[in-house]
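Q: Here you go, one structure.
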Amino acid sequence: MYLFDQNDAKSSLQSFFSNNGSAINNFGKTVNQTFEAYVFASTIKWYSRNKWDIKCHNPKYGPHKGQFQLKFSTRGAPKNYTFIRCTKGNQTVQIRHGLRVATKFMQAGQKYPSNLCLDVSIINDNDLSYYGTSDSLPNDQLVTFGEAKHMSGFAELIAGFIGMVHEMKPDFLKKKKLGKHHPQPFLYVSGRLNPTAKGIKETIEYRKIQVDIYSFDNKMT
């Protein structure tokens, strides 16, 4: 758990986002929040490395107008936070932090909403300026997603993440290949995987489940 250096990460993140109005205090007060920011940046770097054009969009209105601002809470309207627009050819997606997205199985008119607030989500290019704090993006607009956990990896954590994939993007649990135009759903832990977590990861590989597990020893970038 303590392998992740918060101060070093904050300095690196400030440098990475230096042209977008960021300050070192934009990357969270807690180590967990800074690790989320690190994973958000790692996702951006994945797209940049794969030849996507990257553009940072800061809020146009509200208390953080024109400022780089990540979303470290399940509450808050998307328009009040920074997002990244990625373009390659005729395809455009957005990278969002802390976005609320409906599950694959949510039905219109059900008594209670069925959605999850995802650490990192890659979505189709949507106008979310009218979304409120409790509104969720329709599931068919979610391309892929990632979760960031500041802890060592253990078997139950990975199994729980596979459950999240089942709720959000179950096609990735099938053996058919969906291509690598985007990252597969991923879990990123700041520490190392313990032996039983490594065992679950092995079964993911031979079952050909399309998810990735990143850690201190297996970084995304």
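No lab work stands behind these numbers, since they all come straight from the coordinates. From a predicted model like this one, the values you see are computed outputs, not experimental measurements. Glycine also receives a Cβ, built like all others from the backbone with ideal geometry; neighbour counts cover every protein chain displayed.
Q: So which residues in segment 68-93 are touching a residue at least 60 places away in the same chain (Cβ under 8 Å) and hydroxyl-bearing (Ser, Thr, Tyr)?
A: Correct list: Thr82 only.
Q: For segment 1-46, name all the residues that are more than 16 Å from Phe68 (Cβ to Cβ), hydroxyl-bearing (Ser, Thr, Tyr) and assigned to a helix (DSSP H, G or I).
A: Across segment 1-46, the qualifying residue is only Ser42.
Q: For segment 80-88, indicate whether the set of residues that are over 19 Å from Lys10 (Cβ atoms), β-branched (Val, Ile, Thr) and out of contact with any strand residue (DSSP E or B) (no Cβ under 6 Å at 6 or more places or on another chain) is non-empty.
A: no
Q: List, please: which pairs have Cβ atoms under 6 Å, are six or more places apart or on different chains, and start with a residue in segment 152-180 that is in contact (Cβ under 8 Å) with a residue 12 or more places away in the chain and aromatic (Phe, Trp, Tyr) and end with one that is in a loop (DSSP other than H, G, I, E, B) and crowded, with 16+ Cβ neighbours inside 10 Å?
A: Between residues of segment 152-180 that are in contact (Cβ under 8 Å) with a residue 12 or more places away in the chain and aromatic (Phe, Trp, Tyr) and residues that are in a loop (DSSP other than H, G, I, E, B) and crowded, with 16+ Cβ neighbours inside 10 Å, the close pairs are Phe172/Pro185; Phe172/Gln210.
Q: Would you please list the contacts, defined by Cβ atoms under 7 Å and residues six or more apart or on different chains, that run from a residue in segment 1-27 that is over 23 Å from Asn218 (Cα atoms) and touching a residue at least 60 places away in the same chain (Cβ under 8 Å) to a residue that is crowded, with 16+ Cβ neighbours inside 10 Å and of a type in the set (S, T, N, Q)?
A: Pairs found: Asn20/Asn58.
Q: May I ask you to list the residues in segment 122-172 that are touching a His at 6+ places or on another chain (Cβ under 8 Å) and of a type outside the set (A, V, I, L, M, F, W, C)?
A: Thr144
Q: Go through the residues of segment 45-58 one by one and say whether even a single one is in contact (Cβ under 8 Å) with a residue 12 or more places away in the chain, crowded, with 20+ Cβ neighbours inside 10 Å and in contact with a Ser or Thr (Cβ under 6 Å, 6 or more places away or on another chain).
A: No - not one qualifying residue is present in segment 45-58.
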